[in-house]
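Q: Quick one: the structure is below, and I'll ask about it shortly.
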Amino acid sequence: MASMVWASARAFTPLSPTISRHALLAGGNHLVISKNLLSMSSTKEAASESETAVKKKIRTRRILSGVQPTGALHLGNYLGAIRQWVDMQDKEFMPYTDEDGVEIRTENYFCVVDLHAITMPHDPNELQESTLASAALYLAAGIDPSKSKVFVQSHVPAHTEMAWLLNCITPMNWLERMIQFKDKAKKQGTESVGVGLFTYPILMAADILLYKADRVPVGEDQRQHLELARDIVRRFNDMYCKGNAFKKRCKAASIPTFPTFIEPEAMIVKEGARIMSLSDGTSKMSKSDPKDASRINVLDPPKVIRDKIKRCKTDIFEGIEWDNPERPEATNLLSIYAAVQPDRTKEDITKEVKDLSWGDFKPKLADAIIAHLEPIQKKYAEVRGDEEYLTKVLKDGADSANEIASQTLTSAKVAMGFTRPT
């Protein structure tokens with residue numbers, strides 16, 4: 001699993017009644033004119049503000065997303081996921097009021113999903129470094145700790161505990177239908193594939209459900225796993241979140257009697273985020289591809305990028321064009337060229353390249369990629385070189401994530417009938 005993106009939670013909080021300092025100062029100015037008028041006016045204003053404040057509700061929309069730290073993050077991870085996270089973070093940071101008068105606040109959580117990285121054989125030393133490198137790249141790419149929380153999945157124990165609870169209620173045949181497991185098991189052989197690869201869609205469901213995500217932006221390769229999460233929600237809520245016995249357990253634990261989980265809905269990721277292999281324009285760029293030349297890694301130096309682009313697969317047609325089904329490599333390379341120049345239009349790029357040969361276009365593409373990645377690489381070196389700063393960011397993120405995830409885990413355990421520690 002290359003990347004996962006999950007979003008939002010429904011949580012309503014009434015605002016405390018308040019009278020602004022500005023209103024009190026205005027009332028003070030009125031005092032000189034008429035003491036009685038001030039008393040009546042300020043009382044009415046305070047009552048009006050108080051009623052409005054009591055009625056007003058807040059909905060917290062929580063966005064959670066993660067990428068595996070296996071291998072180096074490549075251009076597809078960055079353009080298809082991380083850059084979109086930055087856009088979501090920056091566009092939706094400020095609260096706003098919806099058409100129903102509910103204030104919408106967004107919380108962003110971006111994690112390094114290291115638990116998913118061990119479903120296949122791995123090098124422990126490599127996992128440790130790639131986990132920290134991935135977190136540093138999140139920050140270098142524009143994730144701002146003042147707006148978003150960054151944490152490592154395994155630093156929040158609720159992920160594994162929730163996965164076990166959900167494992168125990170998920171029918172085996174639901175997992176047997178998962179296409180990704182079938183594909184990987186076919187390549188590796190079922191004798192050498194670990195149980196974790198078979199059950200990791202349940203861990204993904206736990207990741208989503210812990211943060212009460214109700215909208216989940218996922219790629220096509222993860223839609224089946226999202227449907228599994230929806231099935232698990234319905235099954236869990238039906239089995240454990242109904243009847244007087246459930247209400248009594250909740251009351252005894254002093255938690256709300258709402259169903260434990262929210263059924264997540266799929267969101268469509270924006271067009272153009274899918275970056276294909278440099279070796280095969282019909283296959284997704286992947287960290288698991290044994291050929292490093294098939295991808296541009298975000299930290300590749302300029303010479304390596306130029307060499308990879310120079311040798312990447314093209315075709316024998318004249319000119320360069322988009323969206324010709326017979327020319328997947330042309331479409332892929334043009335998509336990369338456009339993605340690393342976000343201020344340019346498709347029409348502008350088409351006009352520039354339509355009559356170029358591959359020999360003329362490839363250096364332009366390499367230059368554009370290098371120019372786009374240069375500031376990210378520079379920022380990465382700064383962040384990765386400051387171990388104390390990176391550690392603090394990850395600890396703050398884990399502390400915040402733990403607070404949310406542990407509440408959901410407690411609700412699930414109460415629903416299932418576990419005793420609580422005293």
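Q: Quick check: with the 1.4 Å probe, what order do Phe110, Phe317 take by accessible area, largest first?
A: Sorted by accessible area, descending: Phe317, Phe110.
Q: Let me ask you something else. How fast does segment 364-410 diffuse by Stokes-Einstein, in µm²/s, taking the Kirkwood radius from C-alpha pairs at 37 °C and 0.692 mPa s?
A: 246
Q: With the Cα gyration tensor of segment 281-413 in hand, give its eigenvalues times 5 under a square root as the equivalent ellipsoid semi-axes, listed largest first in whole angstrom.
A: 38, 19, 15
Q: Also, I was wondering about something else. Once you have a ≥ b ≥ c as the square roots of the Cα gyration tensor eigenvalues for segment 112-218, tell me rounded if a/c is under 1.5, and otherwise prolate or oblate according to whether a/b is larger than b/c.
A: oblate
Q: In square angstrom, what is the accessible area per residue of segment 351-422 with a 1.4 angstrom probe?
A: 57
Q: In addition: Quick one: what does P(r) look like for segment 235-328 with 10 Å bins over all Cα pairs, in whole %?
A: 12, 26, 17, 9, 14, 15, 6, 0
Q: Students often forget the sequence filter, so: which aspartates and glutamates lie under 13 Å Cα-Cα from Lys291 once same-chain residues fewer than 8 apart are removed?
A: Here the aspartates and glutamates satisfying the reach criterion relative to Lys291 are Asp280.
Q: State which entries of Lys56/Lys91; Lys147/Lys346; Lys251/Lys392; Lys91/Lys310 exceed 27 angstrom in Cα-Cα distance in the structure shown.
A: Distance filter (> 27 Å) returns Lys147/Lys346; Lys251/Lys392; Lys91/Lys310.
Q: Additional query: For Lys354, give me every one of the aspartates and glutamates with a C-alpha distance below 15 angstrom, ignoring sequence neighbours fewer than eight places off in its own chain.
A: Within the straight-line limit of under 15 Å, Lys354 reaches these aspartates and glutamates: Asp315, Glu318, Glu321, Asp323, Glu329.
Q: Using a 7 Å offset from the Cα along the Cα-to-Cβ direction at both Glu176 and Lys364, what is the distance between the two label points in nm, to one decimal?
A: With each label point 7 Å from Cα toward Cβ, the separation is 5.4 nm.
Q: Looking at segment 285-340, which trypsin sites (Lys or Arg not before Pro) are DSSP coil and have at most 11 other C-beta atoms within 10 Å of their C-beta?
A: Sparse-neighbourhood loop trypsin sites (Lys or Arg not before Pro): Lys291.
Q: With a Cα-only, solvent-free Debye model of segment 332-373, what are the log10 I(q)/I(0) values at q = 0.15 Å⁻¹?
A: -0.31
Q: On a straight-distance basis, which aspartates and glutamates could pair with Lys303 in a cross-link, Cα separation under 19 angstrom, same-chain partners fewer than 8 positions away excluded?
A: By straight Cα distance, Lys303 reaches Asp292, Asp360, Asp367, Glu374.
The values are calculated or read from the model by the stated rules, or taken from the named source; none is laboratory data. Treat the numbers as computed from the prediction; the structure is a model and nothing was measured. Positions of Cβ are backbone-derived with ideal geometry, glycine not excepted, and every protein chain shown enters the neighbour counts. These accessible areas exclude ligands, DNA and RNA; they are computed on the full protein's heavy atoms, side chains included. Shrake-Rupley method; radii C 1.70, N 1.55, O 1.52, S 1.80 Å.
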